[in-house]
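Colleague: The structure that follows is given in the form of structure tokens.
The values are calculated or read from the model by the stated rules, or taken from the named source; none is laboratory data. As the structure is a prediction and not an experimental result, all values here were calculated from the model. Accessible surface is based on the protein model in full, side chains and every heavy atom, while ligands, DNA and RNA are left aside. Shrake-Rupley method; radii C 1.70, N 1.55, O 1.52, S 1.80 Å.
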Amino acid sequence: MTGRYTEPQVWRAGWPARVAAAGSCLLFLAFVDRPAGGTLADPRPGAVFFAAWTSLVAGWLCCRVGLWRLTADRDGVHLRRMWTVTFLPWSEIGRVELRRDGLLEFVGAMEIPLAGLFLPSWADRLMGRRGAGCRAAQRLTGMARNADLRPQARAGRAATGSAFASRALPLAVALFAAAEWVHR
């Protein structure tokens, strides 16, 4: 953290996270068991609701694992969420910590939001290296405490991304339909 960044800093899910998300979709399709009446061929409202709900949760989980993104710009940090991209101004961030589960915790904000999905620090220690989550937490903490370390530019929509819902809802519909087809 010696110099100032000109462009917004972005942390996002890499290819291992995307492979894990795709794998969880396949596992969902392989092991989902619809309740009696949970199919469109023999519908019962409660059972179809349960089947649709589990597909939505599976779609959200896949997007949460494979599409997370954090963007730090001159004004603060943008966190990608299910329905919106949450913005935290630098004045609300005291420090950023990597939790044991691999999520970044923004301490100092009114509500302490969690973001990212890094390899947990205990797993990095097992491999004998300092992980990306620790480095991201240190860099974000430095930016929160020292305005000279913050990026100079403001992040546009391309850098902040959009909410998960635009991808999770169609994915849930696709998972529901694929489960219907696989388990008929």
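Colleague: Which percent of the accessible area of the chain is formed by carbon and sulfur heavy atoms (probe 1.4 angstrom)?
Modeller: Whole-percent figure for carbon plus sulfur exposure: 61.
Colleague: Follow-up question, since we're still on this one. In a GNM of the chain with a 10 Å cut-off on Cα contacts, which of 30, 168, 115 has the highest mean-square fluctuation?
Modeller: So, out of 30, 168, 115, the one fluctuating most is 30.
Colleague: Counting helices only, and only those DSSP H runs with n ≥ 4, report the 222 nm mean residue ellipticity of the chain as the sum of -39,500 (n - 2.57) divided by its residues, in deg cm²/dmol to the nearest 500.
Modeller: My calculation for the chain gives -14500 deg cm²/dmol from helical runs alone.
Colleague: Give me the extension gain from residue 174 to residue 157: residue separation times 0.36 nm, minus the current Cα-Cα distance, reported in nm with one decimal.
Modeller: 3.5 nm
Colleague: A follow-up question, please. How much area per residue is accessible in region 1-157 when the probe is 1.4 Å and only protein heavy atoms are counted (Å²)?
Modeller: About 56 Å² of surface per residue is accessible.
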